[in-house]
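Structure first, then comments.
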Amino acid sequence: MQVNDNKEFQPLIVAFCCNWCSYAGADLSGTNRLNYPTNVKIIRVPCSCRVNPMFILRAFQRGADGVILCGCHPGDCHYTSGNYFTRRRMTLLFSMLDFLGIERDRTRVEWVSAAEGAKFAATMNEFTEAVRKLGPNRRLEDLRCRKQ
Amino acid sequence: MQRIGVFVCHCGTNIAATVDVKTVAEALGHEPGVVISQDYQYMCSESGQNLVKNAIKEHNLTGVVVCSCSPRMHENTFRKAAAAAGLNSYMVEIANIREQCSWIHKDIATATEKAIILGKAAVAKVHLNAPLTAGESPVAKRALVIGGGIAGIQTALDIAEAGFDVDIVEKNPTIGGKMAQIDKTFPTLDCAACILTPKMVEASQNEHITIHSFSEVTDVKGFVGNFTVTIKKKARFVDETKCTGCGLCTEKCPMKKVPNEFNMGLDNRSAIYIPFAQAVPKVATIDPNYCMMMKTGKCGVCSKVCSAGAIDYKQQDKFIEQKYGAIVVATGFNPINLDKYDEFAYNQCPDVVTSLELERLMNAAGPNGGTLLRPSDKTHPHKIVFVQCVGSRCDDSKGKPYCSKICCMYTAKHAMLIREKYPDTEVYVFYIDVRTPGKNFDEFYRRAVEQYNVHYIKGMVGKVTPRSDGKIDVQASDLLANEQLHIDADMVVLAAAIEPDKTARPLATMLTTQMDTNDFFTEAHPKLRPVESATAGIFLSGACQGPKDIPETVAQASAAAAKAIGLLVKNSITCNPCVAHSNELMCNGCSSCEKVCPYGAITYIDKEFRMPDRTTAVRRVANVNPAVCQGCGACTVACPSGAMDLNGFSNSQIMAEVDAICK
Ligand SMILES: Cc1cc2nc3c(=O)[nH]c(=O)nc-3n(C[C@H](O)[C@H](O)[C@H](O)COP(=O)(O)OP(=O)(O)OC[C@H]3O[C@@H](n4cnc5c(N)ncnc54)[C@H](O)[C@@H]3O)c2cc1C
Ligand code: SF4
Ligand code: SF4
Ligand code: FES
């Protein structure tokens, strides 16, 4: 996170992408040269259901301003049912985070297929803007972890 | 502490133009554990790989990070290189600084900063990598082909040729697909039946090929080399083994008012039917929706006339289960439904037909024995208007965004055939663009224009209105002359867009393969792996992957067969070692993981533990079968004790990546 008087706030966005659809979708938006902000950093996971809520909490604790989780469309999960777990699990987690003061707009689940490069880029642009509007995450950030 | 080597690739200018690779290499060189950090023009080239190999040997590296293109591109390349230098291939991690950095960002400073962060995350991960060894699993030496169009037939023939057993599952009573309905084929104008039916017969006679017609796949389990598939053989109320295909029943059946789907509903068939004379298998099928015996219990004519005693009104659906090493999808396409296109009066006027209906109208085995007559009054049409791109290249929700690819050519074919046979018939073609990129295709189209005087008009058809005098008013614009036209047509032919078969989507779900937004199957790589799906062991053949004409379909069908054969010749395949495992000391045997595993890979074993007081106790703990686990990681998150973890994507590895990115 950097806040600068003359520069706009640059949120740090962590994106978890499942290997089979969304990571490939992200690659496709690269191949098609569709821009999205450098704020977004992608972590590859085998399936969206591999994302433990702990990873998301850890990201917020370490100063991420937004976390997005991308997987295959419902019904299309490479492992048949993984994204259904994701959907239910993240609904719960996000409402708990909301309760803790991590606004809904800082967290998101999006289904992006391997063919949806344009959707991936559009989603990342939108999401970054939404988080930028919210400003830095101060609720869960552990100041002891902040880089000097 | 690991000894890590970092290798930053320029990818020519693909990366180097927007990411300052020297700075990245320099910055990553200061990360803990990194003993060497280098950049190079093309890391994937032979000399690039040698650079990696030499560094591994020279610096005794225990881990490698390559900052380059997507791991989906070259992870394997670098894993192999590492293995060749004596390093376990799973000690290699890729930082994707091309697709996910240099190609999408323009500002060098921020792109370089991001590349460094992605590199750091990979370094942090590799610190926690452990050498993995892949197990082996056997390959069932049998292939399944789903769909019996020209694509499926060609794939099956090629696989059988290599000596492997192959089953074709076709949902219709006969194989052949759309090609069996086509009259002549572009660009050579040879007759479709003459080139297709010998192949159908060859497939039915080949000792390695089993055809399950009138059948569907209802369940797929397992993984590459080891699929277990359930096939539903739908009841056709005729014993396939007894029916000789004589056709007497179809003649005697009193119920003759059933729309004939093979002729696109342009004429009728009987309730017991054989789709067409060259059907394979040539076996009758009873349509229970129309059969009077089934509906009222009175009739039974077919069973009386059948000398083979093949009729069985009580036949039930039958399910068979079979193991396969490889699966090829060849489910083809269908023209879209034109109900939404009111402007073309398709539903109001019988003389407005689709191109596929025209194929039947012109076919010698079609409803009029090959004489082109208007469906409404069976008169000879003197003026025919063709409308191109109906539902293709459409931005609205009615149509499809893509080009259906085959319509320009088959319309040129239709126009030419009509002008050849009926020189007194005038033919107009309204087009947006004529697209003819294919061997001898443009020559073919030009022949239609120059030799056969087909009127090609660039412009759109606005409205088609049937008139009371039997003519059809076609209102259109001529974009080049910039004028509005009215044509009194006798027939209108719509080149309807094509779309994947409706059963393809549920099939993709069963096969866990990906589809694009239009429901065409997605290939593993658009350029380099065009006939494989991203799911190992599942291959794509024909128009189910995208619009294709016959030559392209056959080429892809043979390519898919070659890939399937490449798999079937192996006795065993190496499994993915990135599987789950539970820490027996932490596992409390709660069964949470077992419930979420989609593959049933988790069982429980009783294990003896030594207790602090030196006694032993037996506890139930989770045990993952590494040959069955596919590595999704569902169990790792479900586990309340943190006992379950995933090789290659462990909790600590992903946490380390998060930390590196957020630092
Ligand atoms: C009007 C028209 C004219 C054409 N003219 C020409 C031409 O002149 N020259 C040319 O080169 N090409 C032509 N084509 C294109 C040609 O028809 C296709 O290239 C070809 O048929 C594609 O073959 P396929 O096997 O992939 O698909 P299909 O022919 O569609 O075969 C697919 C088969 O799979 C079966 N199936 C589908 N889903 C399932 C399932 N879930 N389970 C089991 N079975 C299933 C279907 O019943 C079908 O038998 C024309 C197309 C049209 C519409
Ligand atoms: S990772 Fe776990 S849930 Fe997924 S297949 Fe393996 S054992 Fe089953
Ligand atoms: S969920 Fe965890 S604790 Fe429960 S049985 Fe599975 S590995 Fe053991
Ligand atoms: S593999 Fe993409 S969500 Fe499961």
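The values are calculated or read from the model by the stated rules, or taken from the named source; none is laboratory data. Worth saying up front: this structure is predicted, and the values here are computed from it rather than measured. Note: ideal-geometry Cβ built from the backbone for every residue, glycine included; neighbour counts use all protein chains shown.
Tabulated results
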read-out: Residue in the stretch A:99-115 that is within 16 Å of ligand 2 (Cβ to nearest atom) and buried (at least 21 other Cβ atoms within 10 Å of the Cβ) present; value: no
read-out: Hits in the stretch B:496-539 (condition: near ligand 1 (Cβ under 10 Å from one of its atoms), under 16 Å from residue B:145 (Cα atoms) and more than 10 Å from every other protein chain (Cβ to nearest Cβ)); value: B:501, B:503, B:504, B:507
read-out: Strands (runs of 3 or more DSSP E) within the stretch B:78-191 that include 1 or more residues among the aliphatic types (A, V, I, L, M), in contact with a Cys (Cβ under 8 Å, 6 or more places away or on another chain) and within 11 Å of another protein chain (Cβ to nearest Cβ); value: B:92-96
read-out: Of all residues making up the stretch A:1-29, the number that are in a helix (DSSP H, G or I) and within 23 Å of residue B:113 (Cβ to Cβ); value: 4
read-out: Residues within the stretch A:82-114 that are of a type in the set (S, T, N, Q) and touching a residue at least 24 places away in the same chain (Cβ under 8 Å), tallied; value: 4
read-out: Candidates B:597, B:590 - the one that is within 37 Å of the chain's Cα centre (by Cα) and more than 7 Å from chain A (Cβ to nearest Cβ); value: B:597
read-out: Search result, residues across the stretch A:24-63 that are more than 7 Å from chain B (Cβ to nearest Cβ) and aromatic (Phe, Trp, Tyr); value: A:60
read-out: Selection within the stretch A:31-73 - small (Gly, Ala, Ser) and surrounded by fewer than 24 Cβ atoms within 10 Å (Cβ to Cβ); value: A:63
read-out: Any pair with Cβ under 8 angstrom, 6 or more apart, that starts in the stretch B:103-117 at a residue that is closer than 16 Å to residue A:42 by Cα and ends at one that is surrounded by fewer than 22 Cβ atoms within 10 Å (Cβ to Cβ) and among the acidic types (Asp, Glu); value: B:112/B:20
read-out: Only one of B:276, B:214, B:223, B:227 that is under 24 Å from the mean Cα position of the chain (by Cα) and over 30 Å from residue B:570 (Cα atoms); value: B:214
read-out: Selection from the stretch B:607-636 of residues that are within 27 Å of the chain's Cα centre (by Cα) and more than 16 Å from ligand 3 (Cβ to nearest atom); value: B:627, B:630
read-out: Those residues of the stretch A:23-80 which are more than 16 Å from ligand 2 (Cβ to nearest atom) and small (Gly, Ala, Ser), in sequence order; value: A:24, A:25, A:26, A:29, A:30, A:59, A:63, A:64, A:66, A:75
read-out: Among the residues listed as A:139, A:108, A:132, A:146, the single one being among the basic types (Lys, Arg) and within 13 Å of another protein chain (Cβ to nearest Cβ); value: A:146
read-out: Any hit, the stretch B:212-222, residues being in the same structural domain as residue B:176 (by TED's automatic domain parsing), touching a residue at least 60 places away in the same chain (Cβ under 8 Å), of a type in the set (Asp, Glu) and within 30 Å of residue B:159 (Cα to Cα); value: yes
read-out: Residue in the stretch B:485-507 that is in a loop (DSSP other than H, G, I, E, B), without any contact (Cβ under 8 Å) to a residue 60 or more places away in the chain and either farther than 30 Å from residue B:542 by Cβ or of a type in the set (S, T, N, Q) (or both) present; value: no
read-out: Condition met for residue A:68 (of a type outside the set (D, E, K, R), within 15 Å of ligand 4 (Cβ to nearest atom), within 23 Å of residue B:97 (Cα to Cα) and facing chain B (nearest Cβ under 9 Å)); value: no
read-out: Meets criteria (away from ligand 1 (no atom under 16 Å from the Cβ) and either free of Cβ contacts under 8 Å to residues at least 12 places away in the same chain or on the phi > 0 side of the Ramachandran plot (or both)) for residue A:41; value: no
read-out: Residue among B:554, B:621 that is free of Cβ contacts under 8 Å to residues at least 40 places away in the same chain, away from ligand 4 (no atom under 16 Å from the Cβ) and either surrounded by 14 or more Cβ atoms within 10 Å (Cβ to Cβ) or not aliphatic (A, V, I, L, M) (or both); value: B:621
read-out: Whichever residue in the stretch B:10-25 is outside any loop (DSSP other than H, G, I, E, B) and out of contact with any helix residue (DSSP H, G or I) (no Cβ under 7 Å at 6 or more places or on another chain) and, among such residues, is surrounded by the fewest Cβ atoms within 10 Å (Cβ to Cβ); value: B:22
read-out: Subset of the stretch B:572-620 [of a type in the set (A, V, I, L, M, F, W, C) and within 14 Å of ligand 2 (Cβ to nearest atom)]; value: B:575, B:578, B:579, B:580, B:587, B:593, B:596, B:597, B:601, B:602
